[in-house]
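Single-structure report; data block below.
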Amino acid sequence: MAGVGPTRTPLVDVHAHFLTDHYVQEAKDAGHLHPDGMPGWPTWNAAQHLELMDQWGIATSILSISSPGVSFGDPTATRTLARHVNDTAAEIRRAHPDRFGHFASLPLPDVDAALEELAYAIDQLGSDGVATESNVDGSYLGDPRYEPLLAELDRRRTPVFVHPTSPPNYQAVSLGRPRPMLEFIFDTTRTVSDLVFNGRLQRYPNIPWIFTHGGGTLPLLTQRMELFRSVFGAGSTTDVTDPVGPIPEQIGRLWFDMAGTPFPYQIPALTTAFGNERLLYGSDYCWTPAAGTTSQVDSVDAAPQPDGDTWRALTTRNAQRLFPRLDDLS
């Protein structure tokens, strides 16, 4: 494959985004002219993405819609927009079956509609999993309303890619800065804590959850959450028949990607806390511009490598375990 030399294992990018003109216009019409405080919307097309993948040595990119997601307040419009982006992603994959996959967007917070779209995406479109935001209209993923969806995801063993988004009342905490800089990282931690303390990770152990940006602040705060669970008995909303177990063990069963600034600090902290058996590569292109992704890939290749291994080979093997259809990558 072009762009992958004999000593460079091809990467699997689980954190890659696409856009459609219709989606961007719907978002703008809903008021997202500067999404999450960013200057504006990027552009995307498959041909350019493929050229860049060859440059970066990426074999396959699994596409998803980023924040702000597909929910802009009207339930009917949310269902229609989710179907639009999912059908479009499936068309892109059919045109380039070896290069692209996709995580289907779910029309949350409507759980019944999300269950319908989940079945359509997996059974008819062949999606690699589903994508959701870290919170939807202020409700986090441990919210009881989502239990029927979690139960079905658990039954199907469907990978769930969780992309961070702006928290509710972000105006009070973001200090006028783009929310992806800090608030996205905190919101990932917040929704994981909600899954933990509501007992969802234990109750639905067959869901492969994928969290972004090296797990946010989880490497630093997991032991603090465990302190409040084990010493103070605080945080859990579950009853005694469904107790919350040791939090480091639960979080250690999650999957994480290395989008953002993985080296020199973030991935070493993550792997020290949770190991590297569930570490995946992620670029965050097209929301991260091409130059930024180039620098990030270079940092991955230039970083101290795992003993007897490389970050490329390790993350690709992990991706092949999670997505068996990728086993023929070489």
Of these, A95, A90, which one is surrounded by fewer than 18 Cβ atoms within 10 Å (Cβ to Cβ), over 19 Å from R157 (Cα atoms) and without any contact (Cβ under 8 Å) to a residue 60 or more places away in the chain? A95
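For region 105-127, which residues satisfy the criterion of being assigned to a loop (DSSP other than H, G, I, E, B) and either touching a His at 6+ places or on another chain (Cβ under 6 Å) or polar (S, T, N, Q) (or both)?
Listed by number, the list holds a single entry, S127.
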Mind checking which residues of region 6-40 are free of Cβ contacts under 8 Å to residues at least 60 places away in the same chain and crowded, with 18+ Cβ neighbours inside 10 Å? E26, A27, P35
Every residue in region 284-318 that is in contact with a Phe, Trp or Tyr (Cβ under 7 Å, 6 or more places away or on another chain) and closer than 20 Å to W255 by Cα, please. V297, V300, Q305, T315
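Residue-wise test of (1) surrounded by fewer than 22 Cβ atoms within 10 Å (Cβ to Cβ); (2) at pLDDT below 95; (3) aromatic (F, W, Y).
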residue	(1), (2), (3)
I251	no, no, no
F263	yes, no, yes
T271	yes, no, no
Y281	no, no, yes
T288	yes, no, no
A291	yes, no, no
D298	yes, no, no
A303	yes, no, no
S330	yes, yes, no
Out of all the residues in region 153-182, which are among the charged types (D, E, K, R) and touching a helix residue (DSSP H, G or I) at 6+ places or on another chain (Cβ under 6 Å)? R179
When every residue in region 75-114 that is in contact with a Ser or Thr (Cβ under 9 Å, 6 or more places away or on another chain) and among the acidic types (D, E) is compared, the one modelled with the highest pLDDT is D110
Expected single match for closer than 16 Å to L125 by Cα and either part of a helix (DSSP H, G or I) or in contact with a helix residue (DSSP H, G or I) (Cβ under 7 Å, 6 or more places away or on another chain) (or both) among D54, D36, D87 is D87
Region 175-212, subset touching a residue at least 40 places away in the same chain (Cβ under 8 Å), surrounded by fewer than 18 Cβ atoms within 10 Å (Cβ to Cβ) and farther than 16 Å from G142 by Cα, residue farthest from the chain's Cα centre (by Cα): G176
Given (1) part of a helix (DSSP H, G or I); (2) without any contact (Cβ under 8 Å) to a residue 12 or more places away in the chain; (3) of a type in the set (A, V, I, L, M); (4) more than 27 Å from P144 (Cβ to Cβ), identify the lone condition not met by L227. (4)
Report yes if R312 is free of Cβ contacts under 8 Å to residues at least 12 places away in the same chain, charged (D, E, K, R) and in a helix (DSSP H, G or I), otherwise no. no
Within region 62-75, is there a residue that is assigned to a helix (DSSP H, G or I), of a type outside the set (S, T, Y) and surrounded by fewer than 23 Cβ atoms within 10 Å (Cβ to Cβ)? yes
Taking region 98-126 as the search range and keeping residues that are surrounded by 18 or more Cβ atoms within 10 Å (Cβ to Cβ) and aromatic (F, W, Y), which one is farthest from the chain's Cα centre (by Cα)? F100
What pairs come out if I take residues in region 118-143 that are touching a residue at least 40 places away in the same chain (Cβ under 8 Å) and pair them with residues that are assigned to a strand (DSSP E or B) and among the hydroxyl-bearing types (S, T, Y) whose C-beta lies under 8 Å away, six or more apart or interchain? A131/S64; A131/S105; T132/S105; S134/Y140; L141/T132
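The values are calculated or read from the model by the stated rules, or taken from the named source; none is laboratory data. Predicted model only: the values in this text are computed from it and were never measured. Every residue, glycine among them, receives a Cβ derived from its backbone with ideal geometry; neighbour counts consider all protein chains shown.
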